[in-house]
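The structure appears right after this line, and notes come after that.
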Amino acid sequence: MRVQDEERREIARELHDELGPHLFSLRASGAALAGQIGKGQIDPARIKTDVQTMIDRTNVLQQTNRRVLQRLSPAGLAELGLARAITALTETWRTDQPETALTLHIDGNIDHLDPTASLTVYRVVQEGLMNAFRHARATEIEADVATSASPAPQIAITVRDNGDGISQSPENGFGLRGMRERIAALGGQISIAPGTTGGTILTASIPIAAR
């Protein structure tokens, strides 16, 4: 029963982490398209482009669903490496949400992590960005991923935004619970708190073994 429970939690995390961003992107694109039509801004070329983008997202969603069913890592993580996979993730958000300024800083070599640690770092950045875009209504988001040797080798992750701040207890979010479970399994820590000048800041640290 314990094995089955853990399997269910893992599948739930994968469904949330893999499918959530694509579903959010589709909903945002559909809302934007409906808004254009509602305002009478009928530009056939623009509508065609937006619809094609939604079709492309749906195709990606179908491919991702197959990967989840096969219990594979995020698309591109194994092939590209962690640094390039995170960079590709942020580029996708920049394309989908051009009105928000998103910056990414990667300091140190993060491509040498074992598969479990790599997936955990990727998921934390992914969830942090998704929450900032989805809930905070931020105009500026900054993500930092860095290696540190003191007091012990670890990966430090920070995602900060200038949005509305925390309106309710973040403990209730399924995404945060999933992040906590992943990080706790590796002996790390995570926190979400109001930023010093407003907005929200997510910080996480994940120990890494010397290789």
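General observations
- Sorted on the mean count of surrounding Cβ atoms within 10 Å across their residues, most packed first, peptides 80-87, 100-107 read 80-87, 100-107.
- Estimated [θ] at 222 nm from DSSP helical runs (n ≥ 4, -39500 (n - 2.57)) normalised by residues in the chain, nearest 500: -18500 deg cm²/dmol
- Considering only the chain, percent of DSSP beta bridges that pair antiparallel, nearest 5: 75 percent
- Residue among 45, 31, 146 with the largest mean-square fluctuation in a Gaussian network model of the chain, springs linking Cα atoms under 10 Å: 45
- Percent carbon-and-sulfur accessible area, the chain, ignoring ligands, DNA and RNA, probe 1.4 Å: 54 percent
- Stokes-Einstein D for the chain, Kirkwood Rh over Cα pairs, 37 °C, 0.692 mPa s (µm²/s): 179 µm²/s
- Burial ranking of peptide ranges 120-131, 189-200 (average Cβ count within 10 Å, highest at the top): 120-131, 189-200
- Fraction of beta bridges assigned by DSSP in region 95-211 that are antiparallel (%, nearest 5): 75 percent
The values are calculated or read from the model by the stated rules, or taken from the named source; none is laboratory data. This is a predicted model, so every value here is computed, not measured. Neighbour counts run over all protein chains shown; Cβ positions are idealised from the backbone, glycine included. Side chains included, ligands, DNA and RNA excluded: accessible areas come from the protein's heavy atoms. Shrake-Rupley method; radii C 1.70, N 1.55, O 1.52, S 1.80 Å.
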